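Trainee: Here you go, one structure.
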Amino acid sequence: MSSHASSPTANRHLDRLDLTERPRRLRRSPALRRMVRETRLSPDLFVYPLFACEGHGVRREVGSMPGVYQLSVDEIVKEAAGAKAEGVSGVLLFGLPAHKDDVGSGAYDPAAPVQRAVTAIKQEVKDLLVITDVCLCEYTSHGHCGILRGEEILNDPTVGQLVKAAVSHAEAGADIVAPSDMMDGRVGAIRRALDEGGRFTDVAIMSYAAKYCSAFYGPFRDAADSAPAFGDRRTHQMDPANVEEALREVAIDIEEGADIVMVKPAVHYLDVITKVKETFGRPTAAYHVSGEYAMLKAAARNGWIDEPRAMMETLTAIRRAGADIIITYYAREAARALA
Ligand code: PBG
């Protein structure tokens, strides 16, 4: 049987190219691809955000975040234990207080859901890191991250409130406090208050150092009931167009005593993660935020993307960019996929 003139094998010239480099050689099998893989994920990298609310036996799914729940303290302990069993390093706690006021005083109420959740998790789940988000927006009646004068968000009086919140989280037993408010000077003020009298010198600060004013926090505000009643967060959160400013923000927070610095959101700010990691060489966290999670969930529910693959590709990209720590609502799902 003679080959047809147009068949590929008929062209002797292209039959075997004389190549020295054949990158496909190392992609031939799963074993080869695994051996030369440059970026690896592990559940150790993951921090799992959780929302603590009042009540008992409460497990209320957030409409815009499938798989994410508002949990009463008893339920949050179970969820944290599940995450720990799957290898996740830590949880990041947010709170839904029973009462809000115009200065966010619930943020430092020792009997509020976050403070009780911290103590319960530390007691019942061994070796799981408990990190608390420090901000006022969940606790103010107007949903802003600070104290207002008219429509202006005041910096320095807000820092005083944040300090009280951070200290109350430390008193409850938090390993790490994570100020997410973007007020100037709050890292230094929190550090000084924690160190006062040597009380909490071992409590670390993970600062939301380069936190952008992002559209991708939308679903979170459903979860935490923290949407601002008017206006937005542009006077304190960063302009998405800026990266030099991110480096200045990170430098200031390190100077003030931040142990871990965070970039947020993650996927649209991979360049910022890389620059922060390369410039400062500090433990660097990236927050894969609610909107980034919700987009994947929504597309997957419509059958438009393969969710397990999209999830792993996303988390790998964040890691590849330079993140040492990934805060993600996918923490448990991804940990299970890696097992
Ligand atoms: C509190 C806070 C927010 C997020 C983390 N801490 C909301 C905001 O800044 O409006 C967003 C997290 C997410 O979208 O998953 N200030």
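The values are calculated or read from the model by the stated rules, or taken from the named source; none is laboratory data. Not measured: the values here are computed from a predicted model. Neighbour counts are summed over all protein chains in view; Cβ atoms, including those assigned to glycine, are modelled from backbone coordinates with ideal geometry. What goes into the accessible areas is simple: the full protein's heavy atoms, side chains included, and nothing from ligands, DNA or RNA. Shrake-Rupley method; radii C 1.70, N 1.55, O 1.52, S 1.80 Å.
Trainee: Full extension from residue 156 to residue 251: what is 0.36 nm times the residue separation minus their Cα-Cα distance, to one decimal in nm? It would help to have the intermediate numbers written out before the result.
Mentor: Values: separation 95, 0.36 × 95 = 34.20 nm, distance 1.99 nm.
Roughly 32.2 nm would be gained on extension.
Trainee: If one puts a single equal scatterer on every Cα of region 170-238 and applies the Debye formula without solvent, what log₁₀ I(q)/I(0) results at q = 0.17, 0.21 Å⁻¹?
Mentor: Cα-only, vacuum Debye calculation for region 170-238: -0.75, -0.95.
Trainee: Now for a different question. In whole percent, what relative contact order does region 34-106 give with Cα contacts below 8 Å and a gap of six or more residues? Kindly include the intermediate steps, with their values, before the conclusion.
Mentor: Working: 100 pairs, mean separation 27.6, N = 73.
Rounded, it is 38 percent for region 34-106.
Trainee: Percent relative contact order of region 40-338, based on C-alpha pairs within less than 8 angstrom and at least six residues apart?
Mentor: On the way: 650 pairs, mean separation 56.9, N = 299.
Relative contact order here is 19 percent.
Trainee: In terms of the Cα gyration tensor, with a ≥ b ≥ c the square roots of its eigenvalues, is region 40-338 rounded because a/c is under 1.5, prolate because a/b exceeds b/c, or oblate?
Mentor: Numbers: a/c = 1.29, a/b = 1.13, b/c = 1.14.
Because its axes are fairly even, with a/c under 1.5, region 40-338 counts as rounded.
Trainee: Per DSSP H run of at least 4 residues, take -39500 (n - 2.57); add these up for the chain, divide by its residues and hand me the 222 nm value, nearest 500 deg cm²/dmol. Could the numbers behind the result be given before it?
Mentor: On the way: 12 runs with 129 residues, N = 339.
Mean residue ellipticity, 222 nm, calculated: -11500 deg cm²/dmol.
Trainee: Still on this structure: Taking the Cβ of residue 314 as the center, what net charge do the other residues with Cβ under 14 Å away carry, scoring Lys and Arg +1 and Asp and Glu -1? Please report the intermediate quantities before stating the final value.
Mentor: Values: positive: 297, 309, 319, 320; negative: 292, 306, 307, 313, 333.
Residues close to residue 314 contribute a combined charge of -1.
Trainee: How about region 174-264: which chymotrypsin sites (Phe, Trp or Tyr not before Pro) there lie in a loop by DSSP and see at most 15 other Cβ atoms within 10 Å? Working shown, then result.
Mentor: Values: sites: 200, 208, 212, 216, 217, 220, 230; in loops: 200, 230.
Counting only loop positions with at most 15 other Cβ atoms within 10 Å, the chymotrypsin sites (Phe, Trp or Tyr not before Pro) in region 174-264 are 230.
Trainee: Going through the cross-link list 100/297; 84/164; 164/211; 211/275; 100/122, which pairs have a Cα-Cα distance over 20 Å in this structure? Intermediate results must be reported in sequence, preceding the final value.
Mentor: Details: 100/297 31 Å; 84/164 29 Å; 164/211 22 Å; 211/275 14 Å; 100/122 26 Å.
Too far apart for the 20 Å limit: 100/297; 84/164; 164/211; 100/122.
Trainee: Out of the trypsin sites (Lys or Arg not before Pro) in region 194-288, which ones are loop residues according to DSSP with at most 12 other C-beta atoms within 10 Å? Write down the numbers at each step before the final one.
Mentor: Working: sites: 199, 211, 221, 233, 234, 248, 275, 277; in loops: 199, 233, 234.
Answer by residue number: 234.
Trainee: Filter the chymotrypsin sites (Phe, Trp or Tyr not before Pro) in region 250-339 to those in DSSP coil with at most 13 other Cβ atoms within 10 Å of their Cβ, and list the result. Walk me through the numbers on the way to the answer.
Mentor: Values: sites: 269, 280, 287, 293, 304, 329, 330; in loops: 304, 329, 330.
When the chymotrypsin sites (Phe, Trp or Tyr not before Pro) of region 250-339 are filtered for loop state and at most 13 Cβ neighbours within 10 Å, 304 remain.
Trainee: What relative contact order, as a whole-number percentage, does region 83-189 give when Cα pairs under 8 Å and 6 or more residues apart are counted? Walk me through the numbers on the way to the answer.
Mentor: Working: 195 pairs, mean separation 33.0, N = 107.
Rounded, it is 31 percent for region 83-189.
Trainee: Let me ask you something else. Assuming 0.36 nm per residue, please report the length gained on full extension of the stretch residue 242 to residue 33 beyond their Cα-Cα distance. Provide the component values of the computation, followed by the final result.
Mentor: Numbers: separation 209, 0.36 × 209 = 75.24 nm, distance 3.65 nm.
Full-extension gain reported as 71.6 nm.
Trainee: Here's another thing I want to ask about it. Taking the full set of protein chains and a 1.4 angstrom probe, give the accessible area of residue 29 in square angstrom, rounded to the nearest 10.
Mentor: Residue 29 has an accessible surface of roughly 40 Å² with all protein chains in place.
Trainee: Contour minus end-to-end for residue 184 and residue 305, with contour as 0.36 nm per residue of separation and end-to-end as the Cα-Cα distance?
Mentor: Working: separation 121, 0.36 × 121 = 43.56 nm, distance 4.07 nm.
Between residue 184 and residue 305, full extension yields an extra 39.5 nm.
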